Amino acid sequence: MTTSVIHTQALAKLYRTGVGLHPLNLEIKLGEIFGFLGPNGAGKTTAIRTLMGYLRPTGGAAQVLGLDLARHTREIHARVGYLPGELRLAPHLTAQELFGILGRLRGGMSGRQVQSLTERFGLDASRPLGTLSKGNKQKVGLIAALLGQPDLLILDEPTDGLDPLVHDEVLQVLREFRTEGRTVFLSSHVLAEVEQVADRVGIIRAGRLVTVARVADLKAQLPHRLEVRFAHPVPEGVFQALPELRDVQVEHQTLRCVVVGEADHLIKTLAAYRVLEVRGHQPSLEDVFLSFYREEAHVDSVAL
Amino acid sequence: MWTQLLFDDLRTTRRTTLWWMAGLALYVAVSWAFYPVVRDSPDLAQFVERLPEALRQTFGAQDLVSPGGYAWARLFSLLLPITLVIYSIRAGTRAVAGDEEQGRLEVLLAQPITRTELLAARTASLAANLLVLGVGIFTVTALGARLVQADLDGARLLLATAQVILLAWALGAVALALGTATGRPGLASGLAFALTLGAYLIHSLSPQVPALQPWRVVSPFWYAVGQSPFAGPPDARGVGVLLLVGVVAVLLATPAFLRRDIGR
Ligand SMILES: Nc1ncnc2c1ncn2[C@@H]1O[C@H](COP(=O)(O)OP(=O)(O)OP(=O)(O)O)[C@@H](O)[C@H]1O
Ligand SMILES: [Mg+2]
């Protein structure tokens, strides 16, 4: 019994232009929601379509649900639900007809599941797909991916085009999916949503995986912005001397700074003065994300 | 599983096929409606008699007056085959490459089906649609002939229909194969039409141009409309050749389809 649901060994898909996906080593574990983040053109769709068997890898290997990608595409697809990044649906079909077709190909689906999902997402399944708005088409794609209780969901930008209410509903569905012991691999540029649902994130830039981390760890590494108000004016030099402080500003009785790493020194230094108030800013993952997007892949270079 | 894919594709394509069928049936019916006028006009018969032999052959107009001669000249020698080839190349191009370019294969291929099954289903769907058109053409032609008291030989009509349908099959399958191997619908239909025009040129010029005579056997038109099935000894060998050409084309494209990327 394997606990890794997706496992790649130097899986690569390089186009002739030299861009695409550079050798990727990644392990997604059973029962987690993994967020795959990166700027436009980073290679998220390329990685996902290679994992789906649409793109033939230029190197490496991958196992999905313990099955070799190159040889068992059919068996893998029987247990994977997929939402393409660019969803195109036959315009003359209705959602109901599409679900019927896909259900038959999957060897049966439960009408009750379709019913409950269309109700949750507020989708009118009787209209031709060609007449649906972008967000409603996206709902159709999501329901299609969820049909037949797959063990793994591979979603390329699942919340693209959804309004905030449906967006939250979708994230809720993904959480429930995880509760049932299933696994989700989703790509996104919207950090807020990944932060809300993902256990771990991988950040990809220019075709290379820059980092893989637990969301909680990423947050813990974040620099904290701190504002301390004293009862009396304090000397600036004392705080500038502390190595773990950045951006130190002292104005009258107020110290503003960014703490990177351990806070021990700072606390001990503060103990010498009478402190009226300490205020910290909630660290935002957005900032980590942006720092990875930009040149240096270091959390501590984040300017707040 | 591929039969399910076949049914789904037939459902998608049936409306288009029925419209083409309606157009073809109308053409056949109207042609028969004018048959009595042609048959009873002695001037026309004499006029054709007086045409130079080469011209008569080119237009398939050796004999416009007998039911078989009329059916050959008006329907089976040129207009039906050309129309069917156009239908078939369009359908064959859409079958894989067209749907792929539209992004329609993305959700489909995420289901537990293989590329081979998809190709088999789409190929069978093209064949089934052509079969429907064939049955329709046969029926409307036979009915039309009966309504104007033209005594058309059923077996010869069947052969004529099979020949034009299999011509369309061969060229449509070539378009399907090109699209499947490359994923490019423009290239597939463009090349298939170019091939059709080239083949037709060889076929239509070879009676007059001796240098082209030995080449006429490479033209699918030779096997489909090389000679009228309504005159002389019937020969069904051409039908077999055309069937084979289509099947081999699709088989040859399969390895490339399995190797390449889907949807670029
Ligand atoms: N068929 C192709 N031939 C050549 N280059 C390609 C091809 N398809 C994609 N690319 C390139 O590969 C890189 C990765 O593209 P990809 O679509 O995977 O990015 P992405 O991370 O999904 O971006 P987005 O967030 O915009 O969806 C891009 O630079 C893109 O231009
Ligand atoms: Mg993408």
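Miscellaneous remarks
- Selection from region B:1-33 of residues that are over 20 Å from the mean Cα position of the chain (by Cα) and of a type in the set (A, V, I, L, M, F, W, C): B:Met1, B:Trp2, B:Leu5, B:Leu6, B:Phe7, B:Val30, B:Trp32, B:Ala33
- Complete set of residues in region A:39-65 that are more than 14 Å from ligand 1 (Cβ to nearest atom) and either closer than 16 Å to A:Glu86 by Cα or within 12 Å of another protein chain (Cβ to nearest Cβ) (or both): A:Gly53
- Strands (runs of 3 or more DSSP E) lying entirely in region A:10-64 (those with 2 or more residues that are more than 16 Å from ligand 2 (Cβ to nearest atom) and under 15 Å from A:Thr211 (Cβ atoms)): A:20-29
- Taking the listed residues A:Glu97, A:Glu86, A:Glu32, the one that is open to solvent by 40 Å² or more (accessible area, probe 1.4 Å), among the charged types (D, E, K, R), touching an Asp or Glu at 6+ places or on another chain (Cβ under 9 Å) and closer than 29 Å to A:Val114 by Cβ is A:Glu86, with no other qualifying.
- Here the condition is being away from ligand 1 (no atom under 16 Å from the Cβ), surrounded by 16 or more Cβ atoms within 10 Å (Cβ to Cβ) and of a type outside the set (S, T, N, Q); of A:Leu174, A:Leu191, A:Leu186, A:Leu209, it holds for A:Leu174 alone.
- Complete set of residues in region A:79-134 that are assigned to a helix (DSSP H, G or I), away from every other protein chain (no Cβ under 11 Å) and of a type in the set (D, E, K, R): A:Arg112, A:Glu119, A:Arg120, A:Lys134
- For region B:212-241, residues that are aliphatic (A, V, I, L, M) and farther than 18 Å from B:Leu157 by Cα total 4.
- Filter pass, A:Leu26 being touching a Gly at 6+ places or on another chain (Cβ under 7 Å), within 16 Å of ligand 1 (Cβ to nearest atom) and within 12 Å of chain B (Cβ to nearest Cβ): no
- Contact annotation: no residue pair with Cβ atoms under 7 Å, 6 or more positions apart or on different chains, pairs a residue in region A:117-143 that is closer than 17 Å to A:Asp168 by Cβ with a partner that is of a type in the set (S, T, N, Q) and surrounded by fewer than 19 Cβ atoms within 10 Å (Cβ to Cβ).
- Looking only at region B:125-167, residues that are touching a helix residue (DSSP H, G or I) at 6+ places or on another chain (Cβ under 8 Å), assigned to a helix (DSSP H, G or I) and not aliphatic (A, V, I, L, M) come to 11 in all.
- Residues within region B:226-257 that are in a helix (DSSP H, G or I) and touching a helix residue (DSSP H, G or I) at 6+ places or on another chain (Cβ under 6 Å), tallied: 12
- Of all residues in region A:1-20, those satisfying the criterion of being within 14 Å of another protein chain (Cβ to nearest Cβ), more than 7 Å from ligand 1 (Cβ to nearest atom) and open to solvent by less than 30 Å² (accessible area, probe 1.4 Å) are A:Ala12, A:Lys13.
The values are calculated or read from the model by the stated rules, or taken from the named source; none is laboratory data. All of these numbers come straight from a predicted model, not from anything done at the bench. Every residue, glycine among them, receives a Cβ derived from its backbone with ideal geometry; neighbour counts consider all protein chains shown. We work out accessible area using only protein heavy atoms, side chains counted, and drop any ligands, DNA or RNA first. Shrake-Rupley method; radii C 1.70, N 1.55, O 1.52, S 1.80 Å.
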